[in-house]
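Input: a single structure, listed below in structure tokens.
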Amino acid sequence: MADPMRIRAQAQGDKTTVRVLMQHEMETGQRRDSAGKTIPAWYIQEVSATLNGKKVLAAEWGPSISKNPFMQFVVKGAKAGDKIAVTWKDNKGETRTDEATVT
Amino acid sequence: MTTRREMLATSTRLAALLAGAGLLPATALAAWNQPAFEAKSLADVAKAFGGSAPVESKDVTVSGPEIAENGAVVQVGCATTLANVKQLMLLVEKNPNVLAASFEVSPAIDANFTTRVKMGQSSDVYAVALTTDNKVFFAKKEIKVTLGGCGG
Amino acid sequence: MATTRSILLAVAMASALLAAPAWAQAQAKTTAEGIAEYRKQLEDGNPAELFEARGEGLWKQKRGPKNASLEACDLGQGPGVVKGAFVTLPRFFADTGRVQDLESRLLTCMETLQGLNAKEIAATPFGRGEQRNMEGLVAWISAESKGLRFNLPQGHAQERQMYEAGKRVFFFRAGTHDFSCSSCHGIEGQRIRLQDLPLLTKNPGDGVGFAAWPAYRVSSGELWGMQRRLNDCYRQQRFPFPGYASDVTIALGVYMGVNAKGAQSIAPSIKR
């Protein structure tokens, strides 16, 4: 199971900047191991986020995204104490959701 | 302790079994736009999302460093001030996987996203905006990639 | 000395010609600024934070045959005190009767408190098994001293001996290329391609050299502790690695750490 995401959500006026660090190999499927065998593709395909349970972000990713991905987006109308939850799902169907409180 | 490789192999087999048995959520997997992510050019990516021929626009911005010390992690951003944008995308022209990411723009968030991409070599990076009437606008920037040295 | 210098210069020039495009040499200053901008962008949201989180969990988690956590581990400031410990390592420990660096000390604690096998962990390749746990631990422990200034003790005779031993090791030339640590890190203002090689015979500045490791290495997406960093230096010098947490590597840590007295630690940092 992947490590928890690091989510920071800082409100400044009406805008809240959300920064997320995820733990994931983001394997492209083009690399080979030392034995010459192709390392299978394994990468996050879908990312979504909710603000107090309401969906605010939906994204599709490909294997060009770096290992241990970073993402930043800006939510409107959030305030300190609100909950931001981020979910990712990868090409193997594995998924993870983590939550943070807006500061 | 199971190695990661063994774990991957097991979960792949499991996923294949589940998929074959129709137990994996079809909707979740169908949402990912495979043709777009397999497209080899900006024009093809735009087409895969139902967009028209891409046009360069000052109202779309792509941000990133002039030069990346290591192509494994390059922080890039896409933003637009255009109205009626439903999607913002980041493309790395010379990557085997050209389309790196696609973000849905909704009224709840700014049309401004930052992420980190892998770049196989020096290349143009595109920020592409798709409007609700399927027009496609882009901005591009060259990011040079150099391997670092032996230390550090 | 002249021979090593010309070899280094030749290697550097050859690599520069082969690897870096022509523009890099023409706009040397702009390139340096560009690289600085690139590095700065990655500081916020350093993937090392993922390792820090894991390390904090491992410190508190009951593990091993003795089913105990590491919370009673003494890193030099007293059992369980983590804040500020990193910047006073390596140092002498009375319970083991020797000078130890962070990773060697963690091996001691993992064995005595948790019952894990220190020899096995030392023999485990980097990035695998317990070494992965070590990555998390050193990331978190160094993060707990982030911003603090190095102040290694030299009060004990063994600490002073290790400094002198470290100095000898630093200047010891051997191997196929007749390299020593000083070949790269003993001259001011040296560079290999785009990597500045800090001068380690004195304090090279805040967040530089000894003050920048452990670090998340972007090129491999891995967290490298000081032991792994030294291992890679030795590989580049065409030396066999002296051994994980061996006295030689600890001595080098004492030498570099004492020289870096007063420098601010930025560990875990981010590196290419």
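Filtering the range A:31-56 to residues that are farther than 18 Å from A:Thr101 by Cβ and touching a residue at least 24 places away in the same chain (Cβ under 8 Å) leaves A:Ala41, A:Trp42, A:Tyr43, A:Ile44, A:Gln45, A:Glu46, A:Val47, A:Ser48.
Here the condition is being modelled with pLDDT under 95 and in the same structural domain as B:Ala72 (by TED's automatic domain parsing); of B:Ala101, B:Ala111, B:Ala139, B:Ala83, it holds for B:Ala83 alone. A:Gly29 falls short on exactly one of the conditions (1) surrounded by fewer than 23 Cβ atoms within 10 Å (Cβ to Cβ); (2) touching a helix residue (DSSP H, G or I) at 6+ places or on another chain (Cβ under 7 Å), and that condition is (2). Tallying residues that are over 21 Å from C:Gln41 (Cβ atoms), in contact (Cβ under 8 Å) with a residue 60 or more places away in the chain and assigned to a loop (DSSP other than H, G, I, E, B) within the range A:1-30 yields 4. Count of the range B:56-88 residues, restricted to those that are free of Cβ contacts under 8 Å to residues at least 60 places away in the same chain and in contact with a Cys (Cβ under 7 Å, 6 or more places away or on another chain), is 1. Exactly one residue out of A:Thr87, A:Thr103, A:Thr97 is assigned to a strand (DSSP E or B), modelled with pLDDT of 95 or more and away from chain B (no Cβ under 13 Å): that is A:Thr97.
Elements of the type helices (runs of 4 or more DSSP H) sitting completely within the range C:24-124 and holding at least 2 residues that are within 23 Å of C:Trp224 (Cβ to Cβ), modelled with pLDDT under 95 and within 14 Å of another protein chain (Cβ to nearest Cβ): these cover C:28-43.
Answer yes or no: is there a residue in the range C:223-236 that is of a type in the set (S, T, N, Q) and assigned to a loop (DSSP other than H, G, I, E, B). Checked against the condition, which is being of a type in the set (S, T, N, Q) and assigned to a loop (DSSP other than H, G, I, E, B), the range C:223-236 yields no hits at all. Restricting attention to the range A:12-43, the residues that are in contact with a Ser or Thr (Cβ under 7 Å, 6 or more places away or on another chain) and of a type in the set (A, V, I, L, M, F, W, C) total 2. Among the residues examined, C:Gln100 does not qualify as free of Cβ contacts under 8 Å to residues at least 12 places away in the same chain and crowded, with 18+ Cβ neighbours inside 10 Å.
Exactly one residue out of B:Glu69, B:Glu38, B:Glu104 is more than 13 Å from B:Ala129 (Cα to Cα) and within 13 Å of chain A (Cβ to nearest Cβ): that is B:Glu38. Among the residues making up the range A:80-95, those that are touching an Asp or Glu at 6+ places or on another chain (Cβ under 9 Å) and either surrounded by 15 or more Cβ atoms within 10 Å (Cβ to Cβ) or under 22 Å from A:Met26 (Cα atoms) (or both) are A:Ile84, A:Ala85, A:Val86, A:Thr87, A:Trp88, A:Lys89, A:Asp90, A:Thr95.
When B:Ser122 is tested against (1) out of contact with any helix residue (DSSP H, G or I) (no Cβ under 7 Å at 6 or more places or on another chain); (2) more than 10 Å from chain C (Cβ to nearest Cβ), just one condition goes unmet, and that condition is (2). Filtering the range A:34-48 for residues that are surrounded by fewer than 18 Cβ atoms within 10 Å (Cβ to Cβ), in contact with a Leu (Cβ under 9 Å, 6 or more places away or on another chain), facing another protein chain (nearest Cβ under 7 Å) and over 16 Å from B:Phe103 (Cα atoms) leaves a non-empty set.
The residue list A:Gly36, A:Gly77 contains one member that is more than 28 Å from C:Ser219 (Cβ to Cβ) and modelled with pLDDT under 95, which is A:Gly77. Give the range C:27-48 a look and list any residue that's in contact (Cβ under 8 Å) with a residue 12 or more places away in the chain and among the acidic types (Asp, Glu), or say none. If the condition is that a residue be in contact (Cβ under 8 Å) with a residue 12 or more places away in the chain and among the acidic types (Asp, Glu), then C:Glu43 is the only one that fits.
The values are calculated or read from the model by the stated rules, or taken from the named source; none is laboratory data. Bear in mind that the values here come from a model prediction, so they are computed numbers and not experimental data. So basically every Cβ, Gly included, is an ideal-geometry build from the backbone, and we count neighbours across all protein chains shown.
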